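Okay, so here's the structure we're looking at.
The values are calculated or read from the model by the stated rules, or taken from the named source; none is laboratory data. Note that the structure is predicted; figures quoted are calculated from it, not measured. Note: ideal-geometry Cβ built from the backbone for every residue, glycine included; neighbour counts use all protein chains shown. Heavy atoms of the whole protein, side chains included, go into the accessibility calculation; ligands, DNA and RNA do not. Shrake-Rupley method; radii C 1.70, N 1.55, O 1.52, S 1.80 Å.
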Amino acid sequence: RVHIHKIIPFLTRPGLLISNTIKLSRWISEHVNETNKSFVSYSHRENHYDRVNNSEVRNQKIQYLEFGVFKGDSIRWWAKQNNNPSSQFYGFDTFEGLPEKWGVYTKGAFFSHIPEISDSRVNFIKGLFQDTMQPFLKEVQLNKRLVIHLDADLFSSTLFALTSLAP
């Protein structure tokens, strides 16, 4: 009886990284071609935002939900680009850094203060997603076009946000 998980547990994270990288590579090779390559390959995230904004949003009233705000660069970009007065922007983050160790990053890495953005359409929800999502979803009616930005560092946090928004 060999309990390999007890002998080499340190290989779990690198193994998941390799597995997920292979899956992503397979997906890219099956879905990305010369026709759509320009739509999925960007040297800077703002180029991607610009593509989505210009092709899908076009200054419509939106509800922008961002999970993992850090210093607020992305939510600030979207609020600046979309000047529809009926749009709403919500940024979810602990603003206390990572809630647990993640790879080479220690608990608390990526600490940031709540960004100061003088746009009244921008709101920040401080806390863990599992503590803040359900009250938010009970309070806020998601009835506009949604733009969802998932930028949490932890898979479990991203999965929680996705499953909470699934309905």
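Explain nothing, just compute: Karplus ³J(HN,Hα) = 6.51 cos²θ - 1.76 cosθ + 1.60, θ = phi - 60°, for every residue of the range 131-139 in order, whole Hz, x for Gly and Pro.
Per-residue couplings from phi come out as 9, 10, 5, 4, x, 4, 5, 6, 8 Hz.
Once you put a point 7 Å from the Cα of S164 and another 7 Å from the Cα of W27, both along the Cβ direction, what distance in nm separates them?
Calculated label separation equals 2.2 nm.
For the chain, what is the calculated [θ] at 222 nm in deg cm²/dmol (nearest 500), taking -39500 (n - 2.57) for each run of four or more DSSP H residues and dividing by its residue count?
Numbers: 7 runs with 67 residues, N = 167.
Estimated from H runs of four or more residues: -11500 deg cm²/dmol.
Counting only C-alpha contacts under 8 Å and six or more residues apart, can you give the relative contact order of the range 77-119 as a whole percent?
30
What do you get for Rg/Rh over the chain if you use C-alpha atoms and the Kirkwood form of Rh?
Across the chain, the Cα-based Rg/Rh ratio is 1.02.
Looking only at V147, V32, V69, which one moves most when the chain is put into a Gaussian network model with springs between Cα atoms under 10 Å?
Top of the fluctuation ranking is V32.
How high is the FRET efficiency between K71 and T35 when r is their beta carbon distance and R₀ equals 30 Å, given to the nearest 0.05?
0.25
Keeping all protein chains in the complex and leaving out DNA, RNA and ligands, what accessible area do you get for F70 with a 1.4 Å probe, in Å² to the nearest 10?
80
Just how far, in whole angstrom, is the range 118-140 from the range 54-77 if you go by their alpha carbon centroids?
When both Cα centres are located, 14 Å separates them.
Around L162, what is the net charge, scoring Lys/Arg as +1 and Asp/Glu as -1 over all other residues with Cβ under 14 Å from its Cβ?
-2
Which lysines does K107 reach when only Cα atoms under 21 Å apart count, and residues fewer than 8 places away in its own chain are ignored?
K71, K126
List the aspartates and glutamates whose Cα lies under 15 Å from the Cα of K101, skipping any in the same chain that are fewer than 8 positions away.
Counting by Cα, and skipping residues close in sequence, K101 has these aspartates and glutamates nearby: D153.
Any idea of the accessible area per residue across the range 21-167, 1.4 Å probe, to the nearest Å²?
On a per-residue basis, 64 Å².
Largest first, what is the accessible-area ranking of F110, F136 with a 1.4 Å probe?
So the residues, ranked largest to smallest area, are F110, F136.
Is the shape of the range 36-114 best called rounded, prolate or oblate, per the rule: a/c under 1.5 gives rounded, else a/b larger than b/c gives prolate, else oblate, with a ≥ b ≥ c the square roots of the Cα gyration tensor eigenvalues?
Numbers: a/c = 3.13, a/b = 1.52, b/c = 2.07.
Since a/c reaches 1.5 but b/c is at least a/b, the shape of the range 36-114 is classed as oblate.
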